[in-house]
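Engineer: My structure is below; once you've seen it, I'll send some questions.
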Amino acid sequence: MNENKNYQHPDVQDPENDELEIDWMEILRKIIAIRKTLYKAAGVGVVLGIIIALSIPKQYTVTVTLSPEMSGDKAGGGLASLASSFLGGGASSSPDALNATLAPDIVASTPFILELFNTHVQTLDGELDTTFVAYLDNQKTPWWGYIKAVPGMAIGAIKSLFIEEADTASVLNPFQLNEEEYQKVENLRTVIAASVDKKTAMTTVTVTLQDPKVTAIVADSVVAKLQQYIIDYRIKKAKEDCAYLEELYHERQQEYYDAQSKYAHYFDTNRNIAFQSVRAEQERLQNDMSLAYQVYSQVAQQLQVARAKIQEEKPVFAVVEPATIPLYPSNTSRKVIVIGILFLTICGTIAWKIFGINYWQKIKEKLY
C-alpha cells in the first residue's frame, strides 16, 4: 500500500519541475521582449570593443632557453685537478653559493635592469635607432593610461614649481633612483622575466615589448648579461686567489733571488779562506737559499693550479632556443577582444533588464 502512495501517474506533472520550466520560459520571453534593446547594446558593445582593441598596442614576446652546465661541479675532471695532480698538490672543491635557481632574482634585480638601459636597440622599421631607455619613452600607451597619469602629471608639475630639477645626465645610481627611473624599473620587471625548471635546471628568459626587433635584441642582451653575471660570480673567488698568489709568487721569488745573491757573494769573497766560522756562515746562507727556493717553488705550483681553476670555474651555457624576431603578436587578438566586449555588454544588459531593475526598485522602496 505504501508503494501505491508514492506512485504518480505519468500524465500528472511535478509542480516543482513545472515551476522551473515556467521560470525559464518567462526569462526567455523577457529576453525576446527586450530584443531591440539588446540590438542597441550589441551595437554599443561592438563600437566599444573596436575602440578598446585599437587602443591596446601590439606586443611581441621572445623566449630564450638556456641549459647551464656548471663545470665546477665536475668531480676531479677539471684543469685544476689535472694541474694539481702533475704539480703534487690537492684541489678541493667547495659548494657553490650561486646556482641556476637564482636566475629569476638576478634578472629582476635593480642593478641588472639598470644595466639594460644603455643597450643599443633598433626598431623593425628603422625609425628608432637609440638606447633602450630612450625607446621606452616612445612606447605606445592606451588612452586610459594617459587618463590615469593625469593626477601624477599634475602633482609633478606643481612640485616642479617649488623644487629644482635634478641633473638627469648623471650616472644611474641603484641606491637612489628618481621617480621616473623607479617607474621604468618596475615596468621592466613585468615584461622581463626568467624562470628555472628545478628538475632539469633549464633557464627560460622571456621578454615582452611592442617592437619585435627590439624585443629580440633586449632578450639577447638579457641572456648575455645573465651569462656574464654568473661567470663573473663563479670565477671571482678564483681570480682573487690567483691575484693573491701572483703577489705572493713575486715576493717569494725576490726573497729567493736575494738569498741566492747573498750566498753567491759570500762564497766568492771567502772561497780561499779555511776558517770554520766562514764555513758555518756559508752553510747557513746555503740553507737559507734552499729554504727560500722550496717556498718559492711551492707558491709557483699553487699559482699554476689557481690559473687553471679560473678556466675550470667558468660555466658553460648551451643556448637551446636562441632569440629570434617574432612574426606575430603575443597578446590577445583584436577579434577576441571585440567578441569578449560584445558578449559582456549583451550579458550585462540582460542581467540589468531582467533582474537588476527589479532589485533596484526594491532597494529604493526600502530606503525611501
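Engineer: How many residues does the range 99-127 hold that are open to solvent by 50 Å² or more (accessible area, probe 1.4 Å) and closer than 12 Å to Asp211 by Cβ?
Structural biologist: Residues meeting the conditions: 4.
Engineer: Additional query: Any chance you could count how many residues in the range 221-266 are at pLDDT below 90 and basic (Lys, Arg)?
Structural biologist: Qualifying residue count, the range 221-266: 4.
Engineer: With (1) over 34 Å from the mean Cα position of the chain (by Cα); (2) open to solvent by less than 30 Å² (accessible area, probe 1.4 Å) as the list, and Asp258 as the residue in question, which single condition is left unmet?
Structural biologist: Among (1) over 34 Å from the mean Cα position of the chain (by Cα); (2) open to solvent by less than 30 Å² (accessible area, probe 1.4 Å), the lone unmet condition for Asp258 is (2).
Engineer: I would also like to ask the following. Look through the range 185-199, keep the residues that are free of Cβ contacts under 8 Å to residues at least 12 places away in the same chain and over 18 Å from Glu321 (Cα atoms), and return whichever of them is nearest to the chain's Cα centre (by Cα).
Structural biologist: Thr190
Engineer: State whether one or more residues within the range 359-367 are out of contact with any Phe, Trp or Tyr (no Cβ under 9 Å at 6 or more places or on another chain) and open to solvent by less than 70 Å² (accessible area, probe 1.4 Å).
Structural biologist: No: the range 359-367 contains no residue that is out of contact with any Phe, Trp or Tyr (no Cβ under 9 Å at 6 or more places or on another chain) and open to solvent by less than 70 Å² (accessible area, probe 1.4 Å).
Engineer: Here's another thing I want to ask about it. (1) among the small types (Gly, Ala, Ser); (2) assigned to a loop (DSSP other than H, G, I, E, B); (3) out of contact with any Ser or Thr (no Cβ under 7 Å at 6 or more places or on another chain): which one isn't true of Ser330, the others all being true?
Structural biologist: It fails just one condition, (3).
Engineer: In the list Thr215, Thr203, Thr269, which residue meets the criterion of being open to solvent by less than 90 Å² (accessible area, probe 1.4 Å) and within 19 Å of Ala318 (Cα to Cα)?
Structural biologist: Thr203
Engineer: Output the residue which, of all residues in the range 300-341 that are touching a Phe, Trp or Tyr at 6+ places or on another chain (Cβ under 7 Å) and small (Gly, Ala, Ser), is most open to solvent (accessible area, probe 1.4 Å).
Structural biologist: Out of the qualifying residues, it is Ser330.
The values are calculated or read from the model by the stated rules, or taken from the named source; none is laboratory data. Owing to the predicted nature of the structure, the values given are computational and were not obtained by experimental measurement. Note that we place each Cβ from the backbone using ideal geometry, even for glycine, and neighbour counts take in every protein chain shown. For accessibility, only protein heavy atoms count, side chains too; no ligands or nucleic acids. Shrake-Rupley method; radii C 1.70, N 1.55, O 1.52, S 1.80 Å.
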